[in-house]
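Values quoted throughout were computed directly from the atomic coordinates according to the rules given, and no laboratory measurement underlies them. This one's a predicted model, so the numbers in the text were calculated from it and none came from an experiment. Here the Cβ positions follow ideal geometry from the backbone for every residue, glycine too, while neighbour counts run over all protein chains shown.
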Amino acid sequence: MVNYTLIYFPIRGLGETARLMFHYAGVEFTDKKVTPEQWAAMKPLTPYGQLPILEVDGKQLAQSSAIYRFLANKFGLGGSDEWEAAQLDSLVFMMADFRTECRQFFSVATGREPGDKLSLYNSQFKPAAEKYIPALERSLNASGSGFFGKSGVTFVDFFVAEYVNTLHGFLPEFFEKHQGLLEHSKRVHSLPQLEGYLSTRVKTPV
């Protein structure tokens, strides 16, 4: 039996996609949530000084996208063939670009740093959203499955659903014109395999 340990902070953030994958697949894992003090001591010993980290029988894998793809391959959540797998990866990379282009807006909107939220919304978030969100919606609509993969549920659904859930928490008006993504997030969070976990999950803003 493989021993999995996911190491991350006590928030959803970049760790929640992996948590949802474990629960959806019904695979046991240790969900190790570290405090800032614990992280300060651990950081020099990690591959890149970043979290999340997935430990697989004691071996460490860093970088969230690599963790998602590894688990997707293990749990059958990575697409039905090589082409679909590549398309799914491209969506995750696109969303990473989106986050990068409006990183300061998200930091201010979630209270992690001071700043002018409205100004950053207009200068960062709005132009980035106008570039990336329609592409995300087209991919969802084109699949015909209600999920991002034509084959059904994949790791990208967990990733996007969590992102939408977070964004809706502090920018609900944005989804007045993007109901499809909000409905997709609700669809993912209504999957019966996740019911037990989500019913007890501690609510966090991010």
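Annotations for the structure displayed:
- The chain - mean residue ellipticity at 222 nm from DSSP helices (-39,500 (n - 2.57) per run, n ≥ 4, rounded to 500): -16500 deg cm²/dmol
- Here Ile11, Ile53 are placed in order of increasing Cβ neighbour count within 10 Å, fewest first, which gives Ile11, Ile53.
- Listing Ile133, Ile67 from fewest to most neighbouring C-beta atoms within 10 Å gives Ile133, Ile67.
- Among Asp157, Asp97, Asp89: highest mean-square fluctuation, GNM of the chain, C-alpha pairs under 10 Å: Asp97
- Neighbour cut-off at most 15 other Cβ (10 Å), DSSP loop, chymotrypsin sites (Phe, Trp or Tyr not before Pro), region 4-68: Tyr48
- Order of Val34, Val202 under a 10 Å beta carbon neighbour criterion, fewest first: Val202, Val34
- Partners of Lys43 within straight-line reach, counting lysines whose Cα lies under 30 Å from its Cα and excluding those fewer than 8 residues away in the same chain: Lys32, Lys33, Lys59, Lys74, Lys203.
- When the trypsin sites (Lys or Arg not before Pro) in region 82-164 are filtered for DSSP coil states and for at most 14 other beta-carbon atoms within 10 Å of their beta-carbon, the remaining sites are Arg112.
- Cα centroids of region 53-68 and region 100-177: 25 Å apart.
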